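As structure tokens, the structure follows; a few thoughts come after it.
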Amino acid sequence: MYDNILGQRLKQLRIEAGLTQAKFGENFNLAKSTVSQYESGKSRPDDELKKKIADFYQVSLDWLMGRIDADQSLGIQYSRESKGNYDILKGMEPETRKLVEQIQGLSTESKEELKRYIELLKIKECYDKNQRK
């Protein structure tokens, strides 16, 4: 049996976002039973999933793991922000949601490069559209 601070914090995030275990699981491709096991401390998510959850709910990994308390962490305001993130992701097509998840894993430098590439694609699309007229 694991120390259950992680499970308690996962449950706290889920409840404050107004999600069932099933809906929480959908965000991370997890079964409801897996979420239940995480929350009860019977099993733990792997490190990559912990990072995705922390990023999604905009909390520090240190807070999620119980290494710091909320009052020690600067700016943990996950309830409204995480609900907003969920609402945004819920409305996305699965392919777009996967792209967002991939972008979250990129370094800041890579994200900046991706922004420049997207701007180039927009210019190209505009050019192509004008050529067809």
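The values are calculated or read from the model by the stated rules, or taken from the named source; none is laboratory data. The shown structure was predicted, so the numbers you read here are calculated from the model rather than taken from an experiment. Cβ coordinates were reconstructed from backbone atoms using ideal geometry, including for glycine residues, and neighbour counts include every protein chain displayed.
For the range 14-47, which residues satisfy the criterion of being part of a helix (DSSP H, G or I) and within 11 Å of the chain's Cα centre (by Cα)? Of everything in the range 14-47, those that are part of a helix (DSSP H, G or I) and within 11 Å of the chain's Cα centre (by Cα) turn out to be Phe24, Asn27.
Scanning the range 103-114 for residues that are surrounded by 10 or more Cβ atoms within 10 Å (Cβ to Cβ) and part of a helix (DSSP H, G or I) gives Ile103, Gln104, Ser110, Lys111, Glu112, Glu113, Leu114. Annotation note: of Ala17, Ala54, the sole residue that is surrounded by 17 or more Cβ atoms within 10 Å (Cβ to Cβ) and touching a residue at least 24 places away in the same chain (Cβ under 8 Å) is Ala17.
Going by what's in this entry, would Val59 be described as surrounded by 13 or more Cβ atoms within 10 Å (Cβ to Cβ), modelled with pLDDT of 75 or more and in the same structural domain as Ile118 (by TED's automatic domain parsing)?
No; evaluated as a whole, the condition is false for this residue.
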